[in-house]
Structures are given as structure tokens and as C-alpha cells.
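Undergrad: Handing you a structure now.
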Amino acid sequence: MVNSTPSESSTMTLEGFAVVADIGGTNARFCRINLATFELDRIQVFACADYPTLSAVMEAYRDEQDVALEHVAIAIACPVESDDVDMTNHHWRFSIRGLRKAMGLKTFIVLNDFAAAAMSLVTLEPHEMKQIGGGKAKTHGPKAVVGAGTGLGVGHLITLPDGSVMPLPGEGGHVDWAPTNEKEWAVFRFMANRFGRVSAERVLSGPGLETLYLALADYHGRNVAPITAAQIGQRALAGIDTLAVETVNQFFASLGSFAGNLALTANTTGGVYIAGGVVPKLMGLMATSNFRARFEHKGRFCKVCEAIPCFVITAEHAGLRGVGQYLKQTLAQSEQRIADND
């Protein structure tokens with residue numbers, strides 16, 4: 001989940017500034033964070049494809065924003081289990097210790113992007129999320145967060161007895177996708193012929209939306225040209241392409257089933273939260289889709305899922321806020337340990 005040794009983070013205290021980043025497969029978002037107030041500023045977004053390495057984009061942010069790179073914490077879209085980090089949906093790969101040394105960083109903390117997404121949940125205000133069905137979330141109940149973007153991210157957040165929270169990142173986006181009706185079996189066969197194995201991410205992501213469009217065209221015996229996820233969304237929202245509308249509706253139906261599975265897996269009485277770049281842009285079609293019906297369609301456990309609320313996160317830069325929240329909690333715990341030992 002996180003790779004940082006005490007010697008790498010011991011010089012950071014609750015004062016001064018740090019740089020935090022949220023690195024996805026498409027965009028790299030950076031900002032400066034005030035370690036006294038935890039306010040974010042100097043936010044800048046870079047296209048990952050424009051830079052050959054993570055260090056190159058870090059240097060671009062440093063130079064363009066005129067900030068010092070001393071204490072840095074990043075969330076990144078891949079597992080973080082060792083010193084070697086290899087992005088799932090982009091070509092960047094690096095050694096945490098090697099990059100820290102090469103860039104002269106005093107602190108370099110790396111965590112999974114959906115650990116950060118989970119941590120962001122405690123920073124959200126009511127107006128920064130839209131509830132989609134269900135009852136009232138239990139404040140200290142387990143929470144799940146799922147986000148469709150370049151890939152499909154999944155994380156959880158649990159509250160510990162001392163009141164602090166612990167993010168539980170995972171790779172739930174790569175579980176098997178489960179078709180539930182004849183049309184979905186046709187989609188499954190189309191994708192299996194193309195990819196071999198069909199994971200949830202193959203359907204529930206930006207690239208997944210594009211493949212889903214082609215799969216549904218094939219199901220209906222239509223020959224269509226590939227189009228981008230953005231074009232599919234635009235056509236569906238405008239109502240000018242029935243296949244695009246069907247594609248978005250199928251996306252939401254499958255997302256509902258997947259989110260309901262998450263709810264049952266961890267009994268997420270604190271709610272299921274939907275992040276990522278795809279869903280907020282398609283909110284206009286979500287209410288009329290089968291998202292919530294499929295979320296609740298869990299046989300003998302329908303009543304359990306009916307009570308669990310879903311929320312679409314509409315806050316800007318939630319990932320950056322999540323990294324900041326992780327830093328805040330980590331530093332507070334470190335200072336408390338120091339105080340206890342004095």
C-alpha cells in the first residue's frame with residue numbers, strides 16, 4: 001500500500017510545505033500543501049503521455065510552479081508493494097529509493113492511488129457528493145470507493161478503535177467480469193475473443209466504454225467505426241446515437257452490479273463511493289439507468305444492499321486531498337509517538 005521508511009519521513013513535521021501528486025494512467029495532478037493548515041495550492045495537471053518518466057514531470061512541476069521538491073508524497077495507479085513501482089496502464093517504472101536519491105528528496109512517500117481515494121472520503125463535504133439510493137451511511141461503517149477512468153480502481157476505508165482511519169487498497173478492478181443476461185454473454189464473448197480474459201476493468205473504464213460500444217454493435221449485427229469514450233458520452237447525453245445511449249446504460253448496469261458486490265464483500269454500511277473521470281461526466285444518464293436496480297439485485301441479500309447508500313464524488317482533486325489527508329494523519333501519529341517517548 002505505502003512504501004516509506006522512518007528515515008525517509010522523519011524530517012517532515014507539521015510545518016512548511018510538501019508537494020503531493022495523484023498519478024493516473026492519463027493525467028498527473030500536482031499541488032503544494034501547507035503542512036500547518038493542509039490547504040492546497042499551485043494545482044497543475046500534466047498529460048502523462050507528454051513525459052518520458054515520472055521524474056521528468058516532477059521536474060516540470062518544480063520548474064513551472066517554482067516550488068522546492070524536498071518532501072513529496074504521491075499516489076499512483078498501480079500496486080505499491082516494494083521498492084520497484086511499475087504502472088499498470090502507463091509505461092512509467094521507477095525505484096522509490098532510486099528516485100528519492102536522484103532528485104535529492106528528503107521525504108518520498110508512495111501509496112496506491114485508491115488508498116488516497118479512500119482517504120479522501122473523510123475530507124468530503126455533503127455538497128461534494130451526490131447520493132444514489134439507499135439509506136443513511138453509518139459514520140464509522142466500512143466504506144468502499146470505486147473509480148472508472150483509464151482503468152478501474154477499488155479501495156476500502158475502515159475506522160480503527162482510536163478514531164483514525166485505515167485505507168485498504170486492492171486490485172479489485174481486475175476481478176473477473178460476470179455477465180448476467182444474454183446480451184452480456186454476447187459482450188463477454190466479444191471481449192474474450194479480443195483480450196482472452198475479461199476483467200471488470202475491460203468493461204468499467206474509459207477504454208472499456210469504447211470496447212463495449214463495439215461489442216454491442218456486434219451484438220446487433222451493426223458495423224460501426226471505433227469512437228472515443230468522450231464521443232460516446234457526448235452522443236449519449238445528446239441523445240443522437242441510440243448505440244451510444246445503450247452503451248452508457250450497459251456501463252451503468254454493470255457498474256451497479258460491481259458496486260453491489262463490493263457492498264456485500266465488506267458490508268460497507270458507510271457507503272459505496274464512486275470516483276474517477278468517467279461517471280461524473282455521465283451523471284445525466286445515471287438516474288435513468290439500471291445502476292441502482294442492479295446494485296440491489298442480490299437475491300437473498302437484496303435488503304442488505306437496499307439499505308447501503310451509493311455516492312458519486314463530485315469534488316475536484318479528491319485524490320490530491322486524499323494524499324494530503326494521508327500525510328496529515330501520518331505526521332500527527334509520528335508526532336504523537338515522539339511526544340509519548342519524551
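Undergrad: State which residue is modelled with the highest pLDDT when the search covers only the range 25-45 and only residues that are open to solvent by 60 Å² or more (accessible area, probe 1.4 Å) and over 17 Å from Ala75 (Cβ atoms). Reasoning before the result, please.
TA: In the first step, residues of the range 25-45 are kept if they are open to solvent by 60 Å² or more (accessible area, probe 1.4 Å); the result is 26, 29, 36-37, 39, 42-43, 45.
In the following step, the residues that additionally are over 17 Å from Ala75 (Cβ atoms) were identified as 36-37, 39, 42.
Working: Ala36: 84, Thr37: 86, Glu39: 91, Arg42: 96.
Per the criteria, the residue is Arg42.
Undergrad: For the range 254-342, give me every one of the helices (runs of 4 or more DSSP H) that falls completely inside it and has 2 or more residues that are open to solvent by less than 30 Å² (accessible area, probe 1.4 Å) and farther than 30 Å from Phe108 by Cα. Spell out how you get there, then give the answer.
TA: Details: elements: 283-286, 291-296, 302-307, 318-341.
It comes to 283-286, 291-296.
Undergrad: Considering only residues that are farther than 20 Å from Gly271 by Cβ and among the aliphatic types (A, V, I, L, M), look in the range 96-124 and name the one that is surrounded by the most Cβ atoms within 10 Å (Cβ to Cβ).
TA: Of the residues in the range 96-124, the ones farther than 20 Å from Gly271 by Cβ are 96-112.
Adding the requirement that they be among the aliphatic types (A, V, I, L, M) leaves 96, 99, 102-103, 105, 109-111.
Details: Ile96: 20, Leu99: 20, Ala102: 11, Met103: 16, Leu105: 17, Ile109: 26, Val110: 24, Leu111: 24.
By that ranking, first place goes to Ile109.
Yes or no, residue by residue, for (1) more than 21 Å from Glu15 (Cβ to Cβ); (2) free of Cβ contacts under 8 Å to residues at least 24 places away in the same chain; (3) within 22 Å of the chain's Cα centre (by Cα):
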site: Val45; (1), (2), (3): yes, yes, yes
site: Pro52; (1), (2), (3): yes, yes, no
site: Ala60; (1), (2), (3): yes, yes, no
site: Gln65; (1), (2), (3): no, no, no
site: Leu69; (1), (2), (3): no, no, no
site: Val72; (1), (2), (3): no, no, yes
site: Ser82; (1), (2), (3): yes, no, yes
site: Met87; (1), (2), (3): yes, no, yes
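Undergrad: Now a separate question. Starting from residues that are of a type in the set (A, V, I, L, M, F, W, C) and outside any helix (DSSP H, G or I), keep the ones in the range 54-74 and report whichever is surrounded by the fewest Cβ atoms within 10 Å (Cβ to Cβ).
TA: Ala68
Undergrad: Taking the condition of being aromatic (Phe, Trp, Tyr) and surrounded by fewer than 23 Cβ atoms within 10 Å (Cβ to Cβ), how many residues in the range 229-251 meet it?
TA: In the first step, residues of the range 229-251 are kept if they are aromatic (Phe, Trp, Tyr); the result is 251.
Checking which are surrounded by fewer than 23 Cβ atoms within 10 Å (Cβ to Cβ) leaves us with none.
Final tally of qualifying residues: 0.
Undergrad: Kindly list the number of the only condition in (1) open to solvent by 40 Å² or more (accessible area, probe 1.4 Å); (2) under 22 Å from Val272 (Cβ atoms) that fails for Gly206.
TA: (1)
Undergrad: Oh, and also: Filter the helices (runs of 4 or more DSSP H) completely within the range 94-195 down to those with at least 3 residues that are without any contact (Cβ under 8 Å) to a residue 24 or more places away in the chain and not assigned by the TED database to the domain that holds Leu54. Spell out how you get there, then give the answer.
TA: Working: elements: 96-102, 113-120, 182-195.
It comes to 182-195.
Undergrad: Would you please list the contacts, defined by Cβ atoms under 7 Å and residues six or more apart or on different chains, that run from a residue in the range 246-270 that is of a type in the set (Asp, Glu) to a residue that is surrounded by fewer than 24 Cβ atoms within 10 Å (Cβ to Cβ) and modelled with pLDDT of 95 or more?
TA: These pairs meet every condition: Glu246/Leu216.
The values are calculated or read from the model by the stated rules, or taken from the named source; none is laboratory data. What you are looking at is a predicted structure, and each value in this text was computed from that prediction instead of being measured. In this analysis, Cβ positions are derived from the backbone assuming ideal geometry, glycine residues included, and neighbour counts consider all displayed protein chains. Ligands, DNA and RNA are excluded from the accessible area calculation, which covers all protein heavy atoms including side chains. Shrake-Rupley method; radii C 1.70, N 1.55, O 1.52, S 1.80 Å.
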